[in-house]
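Take a look at the structure below.
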Amino acid sequence: MNESTGAQKKTRRGLMFGIPLTLILGGGLSFFANVLSVQDSVCSLGFAQPGIADLCGAIGAGGKPTKRERLAWDALDTNSCEALRQHIQSFPGGVFRDDAADLLQASRTIETERWEPVERRLAIFVDGGPDPSGDVASAKSAAQEKATRKAGQMCRSFAATASYKLDSASADVTEWMCAEQGGGQVCSLEGEAVCSLQLRGIVETETCGSR
């Protein structure tokens, strides 16, 4: 083998190794320099996903999120403003930070009417009146009936406002006072008008836009 032939073989071997190495190095430099958006193209390939995108996210390439951020964003309820704030706090430099901020910017407050059961008690007094009953039991029954009607009137005053709805009214007797009168019995009573009501309330809920 003469010197010319040996030199040619060395040249061919150099080309065999040099050209691929040059291509690899050039491709790597193009990727990391994002020449002609190479990163975006490679990281968004239509196969082996989301593995390739997660790898790009791990090295901060191609505008892809890290796997941890991607999973957190996929599971996020974007209607929850608090969840969006928590995402921004957890990933302050994340890919989805601006998306979360835009959704927060579009937040609105929804007012919902809610009625809750409440009880109100008012002092009540019923006089036995001029008409006696034949016995104490009948006198008490008559006074109780008057007390129930009076409790209804008193409790309806709550329902006159927009803040209450009246469910029922009753009289809770705490003391009886009975005496003979006109050949019969009369009974007076003291107690409380028991007003079973619903109280109107407004619940404010903050909600954010959906993606």
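The values are calculated or read from the model by the stated rules, or taken from the named source; none is laboratory data. Quick caveat, the model's predicted, so the values are computed rather than measured. Ideal geometry is used to build each Cβ from the backbone, glycine not excepted, and the neighbour counts take in all protein chains shown.
Only residues that are more than 23 Å from VAL42 (Cβ to Cβ) and among the acidic types (Asp, Glu): list them for region 54-97, please. If the condition is that a residue be more than 23 Å from VAL42 (Cβ to Cβ) and among the acidic types (Asp, Glu), then ASP77, GLU82 are the ones that fit. Is there a residue being in contact (Cβ under 8 Å) with a residue 12 or more places away in the chain and within 21 Å of the chain's Cα centre (by Cα) anywhere in region 116-139? Within region 116-139 (the criterion being in contact (Cβ under 8 Å) with a residue 12 or more places away in the chain and within 21 Å of the chain's Cα centre (by Cα)), the answer is yes, since at least one residue qualifies. Taken residue by residue, region 103-115 has at least one member that is over 21 Å from GLU206 (Cβ atoms) and modelled with pLDDT of 95 or more. Of all the listed residues (GLU206, GLU190), the sole one being in contact with a Phe, Trp or Tyr (Cβ under 6 Å, 6 or more places away or on another chain) and among the acidic types (Asp, Glu) is GLU190. Of all residues in region 75-115, those satisfying the criterion of being part of a loop (DSSP other than H, G, I, E, B) and touching a residue at least 60 places away in the same chain (Cβ under 8 Å) are THR78, ASN79, SER80, ALA106, SER107.
All of (1) surrounded by fewer than 13 Cβ atoms within 10 Å (Cβ to Cβ); (2) at pLDDT below 95; (3) of a type outside the set (Gly, Ala, Ser); (4) over 30 Å from GLY201 (Cα atoms) hold for GLN89 with one exception: (2). Are there any pairs, at least 6 apart or on different chains, whose C-beta atoms fall under 9 Å, with the first in region 152-169 and part of a strand (DSSP E or B) and the second among the β-branched types (Val, Ile, Thr), and if so, which? Filtered contacts from region 152-169: TYR164/VAL118; SER168/VAL194; ALA169/THR148; ALA169/VAL194. Among the residues of region 62-74, the one identified as assigned to a helix (DSSP H, G or I) and small (Gly, Ala, Ser) is ALA72. Checking each residue in region 180-206 for being in a strand (DSSP E or B), among the small types (Gly, Ala, Ser) and loosely packed, with under 14 Cβ neighbours inside 10 Å picks out only GLY201. The numbered conditions (1) modelled with pLDDT of 95 or more; (2) surrounded by 13 or more Cβ atoms within 10 Å (Cβ to Cβ); (3) out of contact with any helix residue (DSSP H, G or I) (no Cβ under 6 Å at 6 or more places or on another chain) are all true for GLU119 except (2).
If you filter region 164-211 down to residues that are of a type in the set (Ser, Thr, Tyr) and at pLDDT below 95, you find that the one that is farthest from ALA143 (Cα to Cα) is SER210.
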